[in-house]
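Scroll down for the structure; my scribbles are underneath it.
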Amino acid sequence: MSPISAMYRETIRDRAIVSIFTSEDQVPLAKILVVDDEKVICDAIARQLHDVGYFVEAVYSGPDAIEKISTETYDVAIIDIRMPKVNGFGVLRKLQEHSPGTKVIMMTAYADIRSAVDSITLGAVDIISKPVDIDEVIMTISRSLNK
């Protein structure tokens with residue numbers, strides 16, 4: 001087993017990527033939920049955040065996110081606004097009900113003033129544009145955790 005695989009094991013499920021840290025001295029920086037119906041984007045963000053030390057779970061739909069947040073708590077949630085069935089605002093509302101302490105960062109490829117105002121009004125701490133710059137995402141997470 002390589003030193004990297006000794007530190008953690010990555011389990012890929014059909015709906016989530018879960019990073020499991022096995023060493024007590026490898027404490028994740030924060031527990032993060034990434035929600036985006038675009039699987040490739042969602043997985044890329046999740047992997048990059050995992051690589052810098054976050055515990056990350058990724059889901060690919062609003063209903064799956066609502067299911068996750070009904071049983072889990074997160075330090076930060078990064079949620080795409082435009083998704084079928086239940087959009088990001090619906091997920092944000094449910095998250096506020098179940099875990100009001102979770103910092104929410106909304107994400108959209110269609111940035112406009114209305115989306116930004118709605119996001120902040122509903123309780124998001126920030127909004128980021130797609131395509132995402134992972135450095136911007138990490139800085140936004142850091143700022144939100146320090147608020």
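No lab work stands behind these numbers, since they all come straight from the coordinates. Predicted, not measured: the structure shown is a model, and the values here were computed from it. Don't worry about glycine lacking a Cβ; one is built from the backbone with ideal geometry, like all the others, and counts go over all protein chains shown.
Summary table
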quantity: Segments 40-48, 133-141, 57-65 sorted - mean Cβ within 10 Å per residue, highest first; calculated: 57-65, 40-48, 133-141
quantity: Cα→Cβ-extended label distance, 7 Å offset, between residue 135 and residue 71, nm; calculated: 3.9 nm
quantity: Amide H within-cut-off set for residue 34, under 5 Å, with H built and near neighbours excluded; calculated: 57, 58, 59, 78
quantity: From phi via Karplus (6.51, -1.76, 1.60), per-residue ³J(HN,Hα) for region 132-147 in Hz, x at Gly/Pro; calculated: 7, 9, 4, 5, 5, 4, 4, 5, 5, 4, 4, 4, 5, 6, 8, 7
quantity: Interchain or long-range residues, amide H under 5 Å from residue 29's placed H; calculated: 54, 55
quantity: Model label zone, residue 111; criterion: amide N under 17 Å from point 7 Å along Cα-to-beta-carbon; scope region 130-146; calculated: 130-144
quantity: Residue 122-residue 98 FRET efficiency (beta carbon distance; Förster radius 22 Å; 0.05 resolution); calculated: 0.95
quantity: Distance in nm between pseudo-label sites at residue 47 and residue 143 (7 Å out along the Cβ direction from Cα); calculated: 2.7 nm
quantity: Greater than 21 Å apart at Cα, pairs in 68/103; 31/85; 68/130; 85/147; calculated: 31/85; 68/130; 85/147
quantity: Gyration tensor verdict on region 42-147 (Cα atoms; rounded if a/c is under 1.5, prolate if a/b is larger than b/c, oblate otherwise); calculated: rounded
quantity: Diffusion constant of region 68-124 at 10 °C, which comes from Stokes-Einstein with the Kirkwood Cα-pair radius and 1.306 mPa s, µm²/s; calculated: 139 µm²/s
